[in-house]
Amino acid sequence: MSDLSALPLPSTADLAHLRRIVAEWRHDGLRIGFVPTMGALHDGHLSLIARAKEKADRVVASIFVNPTQFAPGEDFDAYPRTMDADAAKLAHAGCDLLYAPVASDMYPDGFSATLTVGGPSQGLETDFRPHFFNGVAIVVAKLFNRVQPDIAVFGEKDYQQLLVIRHMVRDLDLPIEIIPGETLRERDGLALSSRNAYLSTDERRVAASLNEILAAFAHDLSTGIDWETAQGKALAKAANAFERVDYIEARCAETLAPLPPGPVHQPARVLAAVWLDKTRLIDNMPAV
Ligand code: PAF
């Protein structure tokens, strides 16, 4: 763990310290924005900070690689940890405070609370990572309690996560406005992700085709063909390009509920998760 006092922006791992700073801001009548992250920051994260700065007077970013959202055998240990570089990027982006708690503080011995989320968490990611959204929900609920922001920004890159958090905030009456941040893409269309760092040069080239396949899927839906036919075409292309396809689906954009059979007459979202060797890529975009 880096020495937080040496980082180029105000930083703390201490909950009481975080609360003191936020309380002073609140006392001064300032609006507080929050961007939770797991670090390994790229321009996509920095665009979320920029969005939070548009909506709030002070912005807190958290960096915490949350163990409860990884299953045994997933990439928790390998997940890139780049605190010094992250802090430099946050400082440059104008973030006001970095909160970087340690795991033993977030989950002390004997920690036993769980949160089970339903609604938009059903299917898609949950079919392949059943632990994931409950782990995200518990850590985000704890971070919300700790930071107590007025607004929080979540990227559309993790579209299902965005809807799960919105739903959780509504269900638990948390007074926090959830604001979406647009997905940032490389020139060839690949969505920015911390996990892109795992890709070899060859894999990186193939990875860009996920964007093309989803864009063609969304276009097909807009022509009025049955979503089942459009999905079949997208699946065939994805199966050809990638080593494994977890899912490639069209869902209701607002709730992620499955669509009624046939042509799509409502705002929809196409979403996919695919594998290149040990790297899992996810992406999504609006359709219809
Ligand atoms: O999207 C992420 O990086 C994580 O799921 C989050 C929201 C920071 C919770 O650990």
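The values are calculated or read from the model by the stated rules, or taken from the named source; none is laboratory data. Everything numeric here is computed off the predicted structure, so don't read it as measured data. Reconstructed Cβ throughout: ideal geometry from the backbone, glycine too, with neighbour counts over all protein chains shown. Protein only, heavy atoms only, side chains kept; ligands, DNA and RNA dropped before computing areas. Shrake-Rupley method; radii C 1.70, N 1.55, O 1.52, S 1.80 Å.
Residue by residue, region 76-82 carries 3J(HN,Hα) couplings of 4, 5, 7, 4, x, 10, 9 Hz when phi is fed to the Karplus relation 6.51 cos²θ - 1.76 cosθ + 1.60 (θ = phi - 60°); x denotes Gly or Pro. Checked against a 29 Å cut-off, the cross-linked pairs Lys53/Lys142; Lys53/Lys237; Lys89/Lys233; Lys233/Lys278 give Cα-Cα distances beyond that limit for Lys53/Lys237; Lys89/Lys233. Dipole check for the chain: with +1 at the C-beta of Lys and Arg, -1 at the C-beta of Asp and Glu, and the Cα centre as origin, the magnitude is about 300 Debye. Summing Lys and Arg as +1 and Asp and Glu as -1 over all other residues whose Cβ lies under 15 Å from the Cβ of Phe76 gives a net charge of +2. By the equivalent-ellipsoid construction on the alpha carbon gyration tensor, region 129-288 comes out with semi-axes of 28, 21, 13 Å, ordered largest to smallest. Here region 172-288 has 54 percent of its accessible surface on carbon and sulfur atoms, given a 1.4 Å probe and all protein chains in place. Relative to the current alpha-carbon distance between His131 and Ala236, full extension at 0.36 nm per residue lengthens the span by 35.0 nm.
Over region 225-288, what is the relative contact order in whole percent, taking alpha-carbon pairs under 8 Å and six or more residues apart? Intermediate values should be presented prior to the final figure.
Details: 110 pairs, mean separation 20.7, N = 64.
Averaging sequence separation for qualifying contacts and normalising by length gives 32 percent for region 225-288.
Considering only Cα atoms, the convex hull volume of the chain works out to 135 Å³ per residue. Simple spin-label estimate for Asp75 and Glu24 gives 3.8 nm between the two label positions (7 Å along the Cα-to-Cβ direction from each Cα).
Label positions at Glu54 and Asp14, each projected 7 Å from the Cα along the C-beta direction, are separated by 3.6 nm. Selection among Val206, Leu98, Ala250 by position relative to the dipole of the chain gives Leu98 as farthest towards the positive end (Cβ unit charges, Cα centre). The orientation-averaged projected area of the convex hull spanned by the Cα atoms of region 91-174 comes to 6.8 nm².
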